[in-house]
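S.K.: Okay, handing you the structure first.
Every number here is computed from the coordinates shown, using simple stated rules; none is lab data. Values in this document were obtained by computation on a predicted structure and should not be read as measured data. For neighbour counting, all protein chains shown are included, and Cβ atoms are generated from backbone atoms with ideal geometry for every residue, glycine included.
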Amino acid sequence: MKNVIVYVEHRRGETRKVTFEMATEARTLADALGGQAHAVIVGPGATTLAEQVKTYPLNGVYVNDDPDLDTYLLDPAVDYVEAAARAIGPSLILIPNTLSGRDLAGRLAARLGAGIGADVTEFKIENGTVACVSPKMGGALITTCAIKPAEYGIATVRPNAFAAAAGGAGATMQTLEKPSGKPYAAVIEEDVEEGSGELALEEAPVVVAGGRGLGGPEPFDTLLKPLAHALGGAVGASRAAADAGWVPYSLQIGQTGKTVTPNLYIAVGISGAIQHKVGMRSSGAIVAINKDAAAAIAEFSDLLVVGDAFKIVPELTRLVEAAKA
Ligand SMILES: Cc1cc2nc3c(=O)[nH]c(=O)nc-3n(C[C@H](O)[C@H](O)[C@H](O)COP(=O)(O)OP(=O)(O)OC[C@H]3O[C@@H](n4cnc5c(N)ncnc54)[C@H](O)[C@@H]3O)c2cc1C
């Protein structure tokens, strides 16, 4: 395993910050392994996006604007990444630790007979062996797993875990040949866009999350959204709020929801159940606003503000807006 390949997840040419985090880390890893760093971008918009990805320190960017990526579910992407990996040779393949990224990584691992590290937040390389560091059980346990020496290794990379730093290495752009065709079984029949225009929860630098203490759906719009927007962040929720139908499940944070690692997590009217804690405890600073000083969240918050969210949050938003002005 000498080279590093970054799989660029995107939607019609729009990607997320994790792409640039992986492109930056790929350079460091490739240098340590004595190989090259490449990116693979496939699907409509790939060539346009490649111009942006090329500003990161990669040696090559492999592209194909194949419309099949919009038509079929994942299989064409797996074929393309496999083809790129076989063309580039023994490599560590970095894939974002997102829902479809994890799906793709598993299939690719089976195709390439590769070991896999999941939800990686740090890499260690010793004597050419790649070890993946991943927090488990919401950060209560940190595991370090070496990928078995083999031609290929795969790591799904946690968003926000690595810094992104542009700086070109003069990446060349090459068209990736369409892998010759078997029919694909699963077709995308409908594409539903949720929360378009909002910052992705997993990548937001600030998350303002609400719980049952908000009492209904309206405060998510009238109370939390203005604070999140003022801080340049995104709104999240506890499962109690999602189960009550106040917000979509895509906003749920915790064991059965999303894992977030923002620099600042503000929990509003959330008690801090263990199932919620495992999805946010790796956040930078944790601030809780709760009317109960004895709420469990007090134990793992950096700051607990005791009081009524309906009085505190508007005032906090006003102060943030004033400070920004
Ligand atoms: C298998 C399983 C998986 C689960 N997965 C998840 C998960 O992924 N994510 C998750 O979040 N939960 C999950 N849960 C549920 C979890 O156990 C809790 O029930 C849930 O997190 C509670 O949500 P909450 O904190 O919003 O509500 P509550 O526990 O009811 O807390 C509400 C809080 O709001 C405070 N409050 C009330 N009014 C105000 C006010 N005006 N101002 C300020 N504070 C106020 C209260 O003091 C209280 O602390 C799971 C449970 C199980 C069994």
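S.K.: Quick one: in the range 211-233, which of the residues that are buried (at least 21 other Cβ atoms within 10 Å of the Cβ) and in contact with a Pro (Cβ under 8 Å, 6 or more places away or on another chain) is nearest to Thr317 (Cα to Cα)?
M.R.: Leu223
S.K.: Scan the range 257-273 for residues that are of a type in the set (A, V, I, L, M, F, W, C), more than 7 Å from the ligand (Cβ to nearest atom) and either surrounded by fewer than 19 Cβ atoms within 10 Å (Cβ to Cβ) or over 20 Å from Pro205 (Cα atoms) (or both) and jot them down. Working first, answer last.
M.R.: Here is the first cut: in the range 257-273, the ones of a type in the set (A, V, I, L, M, F, W, C) are 260, 264, 266-268, 270, 273.
Going one step further and asking which of them are more than 7 Å from the ligand (Cβ to nearest atom), we end up with 260, 264, 266-267.
Leu264 - this is the single residue of the range 257-273 that is of a type in the set (A, V, I, L, M, F, W, C), more than 7 Å from the ligand (Cβ to nearest atom) and either surrounded by fewer than 19 Cβ atoms within 10 Å (Cβ to Cβ) or over 20 Å from Pro205 (Cα atoms) (or both).
S.K.: I would also like to ask the following. With the condition being surrounded by fewer than 16 Cβ atoms within 10 Å (Cβ to Cβ), I'd like the strands (runs of 3 or more DSSP E) fully within the range 61-155 carrying at least 1 qualifying residues. Break it down into steps so the answer makes sense when it comes.
M.R.: Values: elements: 91-96, 115-120, 122-126, 129-136, 141-146.
The qualifying strands (runs of 3 or more DSSP E) are 122-126, 129-136, 141-146.
S.K.: Residues in the range 234-255: is at least one within 16 Å of the ligand (Cβ to nearest atom), at positive phi and under 20 Å from the mean Cα position of the chain (by Cα)?
M.R.: yes
S.K.: Restricting the search to the range 4-56, which residues are part of a loop (DSSP other than H, G, I, E, B), crowded, with 23+ Cβ neighbours inside 10 Å and in contact with a Gly (Cβ under 9 Å, 6 or more places away or on another chain)? Reasoning before the result, please.
M.R.: First, pick out the residues of the range 4-56 that are part of a loop (DSSP other than H, G, I, E, B): 8-9, 12-13, 16, 34-36, 43-45, 54-56.
Now narrow it down to the ones that are crowded, with 23+ Cβ neighbours inside 10 Å: 8, 43, 56.
Result: Gly43, Tyr56.
S.K.: Additional query: Among the residues of the range 290-300, is there at least one that is within 14 Å of the ligand (Cβ to nearest atom), under 28 Å from Val157 (Cβ atoms), over 22 Å from the mean Cα position of the chain (by Cα) and in contact (Cβ under 8 Å) with a residue 12 or more places away in the chain?
M.R.: Pass one, the range 290-300, residues within 14 Å of the ligand (Cβ to nearest atom): 290-300.
Okay, now just the ones that are also under 28 Å from Val157 (Cβ atoms), so 300.
Next, only the ones that are over 22 Å from the mean Cα position of the chain (by Cα) stay: 300.
Narrowing further to those that are in contact (Cβ under 8 Å) with a residue 12 or more places away in the chain: 300.
Yes; the residues of the range 290-300 include at least one that is within 14 Å of the ligand (Cβ to nearest atom), under 28 Å from Val157 (Cβ atoms), over 22 Å from the mean Cα position of the chain (by Cα) and in contact (Cβ under 8 Å) with a residue 12 or more places away in the chain.
S.K.: Within the range 179-233, how many residues are under 17 Å from Asn160 (Cα atoms) and within 16 Å of the ligand (Cβ to nearest atom)?
M.R.: Residues that pass the stated criteria total 4.
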